[in-house]
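Below is one structure, written out as structure tokens, with a few remarks after it.
Every number in this text was worked out from the coordinates using simple rules, so none of it is lab data. No experiment lies behind these values; they were computed from the predicted model shown. Cβ coordinates were reconstructed from backbone atoms using ideal geometry, including for glycine residues, and neighbour counts include every protein chain displayed.
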């Protein structure tokens, strides 16, 4: 790839000295460099840089078993993100996610807020969740539980079948657990929002930058929500 730098200098107007630099690359003017990344890798990298964590709530498709936000791609600017405020602004204004599903490219826009829980946690939601009725993760729950995150999801699923732990199916082996079954947790809450419970139940030190993620089955009313805790980072 050949890059040509053209300098046009000392174009003088009354009281103005104008200096113009134009960078021409492949016959196009280059304003900034952008690259496409999976959302999963982008959040892991930027979380490490800014020492923050994430939760992800997606709207899935009927009959599909993947997370459209995490498995989608995002265009990241070379200008960089310096702090959490920059990141929040980017994710909610420029962070349009491209996801290949159902034979077409879909675009996803995000809502974001943040909470402080020893470390900064940024909660990302598909904007379409605002239209969903009877959303299980927005419900209140009272719970006493000692165990691990996978067991907690099963505990919550027994109380509300619209919450389901994520599993993978392998030919000849049946379902394989993919949730975090190793991290010890203790839960004792009264009338707590489910997603707040999920977010605050695990110790963050050494944990995956994406604490947990979820996706619905695509229904507008009373969707099944599949949840995954991502476990310790390696």
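Listed by Cβ neighbour count within 10 Å, with the fewest neighbours leading, 226, 107, 216 appear as 107, 226, 216. Averaging the sequence gap over all C-alpha pairs within less than 8 Å and six or more residues apart, then dividing by the number of residues, gives the range 34-229 a relative contact order of 27 percent.
Across every direction, the projection of the convex hull enclosing the Cα atoms of the range 34-229 has a mean area of 11.6 nm². Using C-alpha pairs under 8 Å with a sequence gap of at least 6, the mean separation divided by the residue count of the range 96-141 gives a relative contact order of 24 percent.
Tell me, how many Å apart are the Cα centres for the range 85-111 and for the range 194-234? Cα centroid to Cα centroid, the span is 19 Å.
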